[in-house]
1. Here's a check for you: in the stretch A:357-375, which residue that is within 11 Å of chain B (Cβ to nearest Cβ) and not basic (Lys, Arg) is surrounded by the most Cβ atoms within 10 Å (Cβ to Cβ)?
2. So is residue B:58 without any contact (Cβ under 8 Å) to a residue 24 or more places away in the chain, away from chain A (no Cβ under 14 Å) and under 19 Å from the mean Cα position of the chain (by Cα) or not?
3. Name the residue, out of A:362, A:366, A:375, that is hydroxyl-bearing (Ser, Thr, Tyr), in contact with a strand residue (DSSP E or B) (Cβ under 6 Å, 6 or more places away or on another chain) and at pLDDT 95 or above.
4. Is the stretch A:205-213 home to any residue that is in the same structural domain as residue A:144 (by TED's automatic domain parsing) and crowded, with 22+ Cβ neighbours inside 10 Å?
5. Of everything in the stretch B:223-237, what is in contact with a Ser or Thr (Cβ under 6 Å, 6 or more places away or on another chain) and in a helix (DSSP H, G or I)? Give them in sequence order.
6. In the stretch A:75-103, what residues are within 27 Å of residue A:150 (Cβ to Cβ), in contact (Cβ under 8 Å) with a residue 60 or more places away in the chain and among the aliphatic types (A, V, I, L, M)?
7. For residue B:228, state whether it is buried (at least 17 other Cβ atoms within 10 Å of the Cβ) and of a type in the set (Asp, Glu).
8. Test of understanding: among B:274, B:263, which residue is modelled with pLDDT of 95 or more, over 22 Å from the mean Cα position of the chain (by Cα) and aliphatic (A, V, I, L, M)?
Number of protein chains: 2
Amino acid sequence: MKKLSLLLFLATAIGFAQNADEKQLREVYTQSLTNGKSYEWLDHLSNKIGGRLSGSENAEKAVQYTKAELEALGLDKVWLQPVMVPKWVRGKAEEAFIINGEKKIEVPICALGGSVATKDGGLTADIIEVQGIKELEALGTEKIKGKIVFFNRPMQAELISTFKAYGGCVDQRYAGAFEAAKFGAAGVLVRSMSLRLDDLPHTGSMSYKDLAVKDRIPAAAISTNGAELLSMLLKKNPKTRFNFSQHCQQFDDVQSYNVVGEITGSEFPKEIMIVGGHLDSWDLGDGSHDDGAGVVQSMEVLRLLKESGYRPKRTIRVVLFMNEENGLRGGNKYAEVAKEKGEKHIFALESDAGGFTPRGFSFDCSDENFAMVESWRKLFKPYLIHYFEKGGSGADIGPLKDDQIVLAGLRPDSQRYFDHHHAANDTFDAVNKRELELGAATMTSLVYLFDKYGTVKPKKIKG
Amino acid sequence: MKKLSLLLFLATAIGFAQNADEKQLREVYTQSLTNGKSYEWLDHLSNKIGGRLSGSENAEKAVQYTKAELEALGLDKVWLQPVMVPKWVRGKAEEAFIINGEKKIEVPICALGGSVATKDGGLTADIIEVQGIKELEALGTEKIKGKIVFFNRPMQAELISTFKAYGGCVDQRYAGAFEAAKFGAAGVLVRSMSLRLDDLPHTGSMSYKDLAVKDRIPAAAISTNGAELLSMLLKKNPKTRFNFSQHCQQFDDVQSYNVVGEITGSEFPKEIMIVGGHLDSWDLGDGSHDDGAGVVQSMEVLRLLKESGYRPKRTIRVVLFMNEENGLRGGNKYAEVAKEKGEKHIFALESDAGGFTPRGFSFDCSDENFAMVESWRKLFKPYLIHYFEKGGSGADIGPLKDDQIVLAGLRPDSQRYFDHHHAANDTFDAVNKRELELGAATMTSLVYLFDKYGTVKPKKIKG
């Protein structure tokens, strides 16, 4: 009988806990959808500030704005964490032309982030199309030297995850110039990383690795329509030439900041959980999806926890990282300082995949912690959150990885993300208020559950 | 040993079947995403034809266009099914003003579909705000007579399904005029059925039921921003008046058509499966989401089945219904003719919830058939299709309901649907190509599975 009573007690207790969790999630979603702040914050970041490239005046404005907003929430602590960041400036607008005999056809391009400028008057050269870096070796110096290499491998439309399609192409953008320079190329042109056919070039980071400054060649992205046209003309006339001018410049590193706010834990203040996105963005649009959305959603997590009357047991921080796009200095700095201070991070959640309808999360964690997440599935079902899979979490929180922490990434619907990513149409009007708010509520729910139940510690191996 | 061999054989056979199904679905999604026709068809319907209100010239053009496109697919049969439809015409643009003392503030309105016009010079009257039909009774004739009744109950933002939020409000639009007329109201103004605050009025059907023609009062929708402003001004000054003019007119019924195409079944030609959307649309936008998307996705189902080399066992029809928006004459006619001919419909799938990322299906069917659907869940997982729930299927296929048929509705992500529904921004640019194509592939996959495995027949009750 005693055993039965205990079982009954436990079953009832578990029932109560689930019921309390259901209520808490319902409250969080209702608050976010009816009384949320995320959309208003994003409006300011996007429309009052705009594109926030590391080292720019706008990036500094975003630091000050988000710090002030976090202070207004009445968190336990808000502070700036200094970090030196690279400063790259696009300069005046790029120009590019396909030169087909007597005809010059203007096409939309943009310099890749980190690229050098073209020399005065721009670069004019023969152009050679390749489908990837591997082809360079076969072509060799003889066929590449002095030419512009045109990387034109498109994203694979048949992949359901557009991030997978991006992952399968982005080496052309990141390493194309470095690899082509080895064979004496004069410049590099990369098909924009987008699944849409349109006239918008998509920028993004590239690296010269250890290439000497004198050997660096200019690299630009061409719109997908431009790439299609160029490819077609090259097939008709292999003597087609290309001209482009860009005026970008790399400056010395400048001082910037991660913005951090904290609700100190009531029971386990030394167990730290963070939620974040990145404050910096590319300069062509206003960075609404990448990653204004993640920034305001992360701020909203702490606001929703406070508003719902929930008092976290653990310390919960919002971290707005600087310089994810072209250096990851903020993410690295945060992890470095945490290590120096001996802080124990048990959980980190990043939102950096756009402000679209949330579908779930990816997790980089132990099987035991993942099993706990799986047990929460039914709590998320009313909100159509169904995707709980192991996988990469996010660039900024990656440096915190150890064998204890749970790293998680919000996974919104990915279909439209690369229509806007790093392009001039990554703007506020492309964000749907409800989709953004659902993401914030979904993140808050996961943070609540991990705060309430903690993470599973790894078993100590007996010596 | 014999038993074991049989089990092994069966297990292997089931394995092969699953593998074949996986391959078929992969092929369907790949074809739709890399070589689809749905987006091109929608471009024509939306941009070359435009809004397709029943009885209009555009509706007739859409009939001819889709018939020709189905014929070009080389289906076994394509035909037009005659149906008489109502003809309502908006006439010249509506105008409306809030009259606040000396001040006149223009606000965006549109006549509700089926409404009468205002008399010459428009209707000017006192205005009274209510939150719903129930309030009318309490107010009574004394407070309503001669006034414009302003129905301002908003859609509930905290509901995750926007269709539920719509369902909770749309009685104001559909029956508001009929109910208010009972108390001598002079006209009706309804808050647009949208969760966004913007300047677009959303039309939609309304009914006077058995109200005599002389007693019918004009009914219009006001934009959500307009509704907010009007409500605020009314609170400040209950003597605020309202003026509006609309010039709409109901004509005699005209001849129109459902468009039907068929692949005749190779094994069970008398078992008919249909997939469809509705050809007609409201007149303010071009009807891209409602329901151009459903039309082209349904056409694409038959094309994808043909292209993938799959030969259906059962007869599969695409049905493009006329007059879903303001009469359902097409849906009723199709079911009527099917009954007359003694046709046996075992399955019907409708897409009429927008061309957004598909999440799954709702099913109106027996438990046995639903259990079969559940067994297919894992086949859909790679495509992030997770929603399989019992629920309403679709208006056009509803009249086919009996105790044998499986009725299904495609369920896309609903967050953005009512931003566009029945408004001027239901346009082609609001449809994402991949989202549309994923919907078509998801529908094709379900049709394939039901064709291959058939439906479960209800058990005969032994007499």
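The values are calculated or read from the model by the stated rules, or taken from the named source; none is laboratory data. Remember, predicted model here, so these are calculated numbers, not experimental data. Quick reminder, even Gly has a Cβ in these numbers, built from the backbone with ideal geometry, and neighbours come from all protein chains shown.
1. Applying the first criterion (within 11 Å of chain B (Cβ to nearest Cβ)) to the stretch A:357-375 yields A:357-360.
This time we only want the ones that are not basic (Lys, Arg), so: A:357-358, A:360.
Numbers: A:357: 25, A:358: 28, A:360: 23.
Checking each candidate, the answer is A:358.
2. Values: without any contact (Cβ under 8 Å) to a residue 24 or more places away in the chain: yes; away from chain A (no Cβ under 14 Å): yes; under 19 Å from the mean Cα position of the chain (by Cα): yes.
Taking the combined requirement at face value, the residue satisfies it.
3. Working: A:366 fails: in contact with a strand residue (DSSP E or B) (Cβ under 6 Å, 6 or more places away or on another chain); A:375 fails: in contact with a strand residue (DSSP E or B) (Cβ under 6 Å, 6 or more places away or on another chain).
Within the list A:362, A:366, A:375, the selection yields A:362.
4. As a first pass, look at the stretch A:205-213 and keep what is in the same structural domain as residue A:144 (by TED's automatic domain parsing): A:205-213.
Going one step further and asking which of them are crowded, with 22+ Cβ neighbours inside 10 Å, we end up with A:206.
Yes; the residues of the stretch A:205-213 include at least one that is in the same structural domain as residue A:144 (by TED's automatic domain parsing) and crowded, with 22+ Cβ neighbours inside 10 Å.
5. Keep residues of the stretch B:223-237 that are in contact with a Ser or Thr (Cβ under 6 Å, 6 or more places away or on another chain), which gives B:223-224, B:233-234.
B:224, B:233, B:234 - these are the residues of the stretch B:223-237 that are in contact with a Ser or Thr (Cβ under 6 Å, 6 or more places away or on another chain) and in a helix (DSSP H, G or I).
6. Result: A:89, A:96, A:98, A:99.
7. Values: buried (at least 17 other Cβ atoms within 10 Å of the Cβ): no; of a type in the set (Asp, Glu): yes.
Against the criterion (buried (at least 17 other Cβ atoms within 10 Å of the Cβ) and of a type in the set (Asp, Glu)), residue B:228 does not qualify.
8. Details: B:274 fails: over 22 Å from the mean Cα position of the chain (by Cα).
When all the criteria are applied, what remains is B:263.
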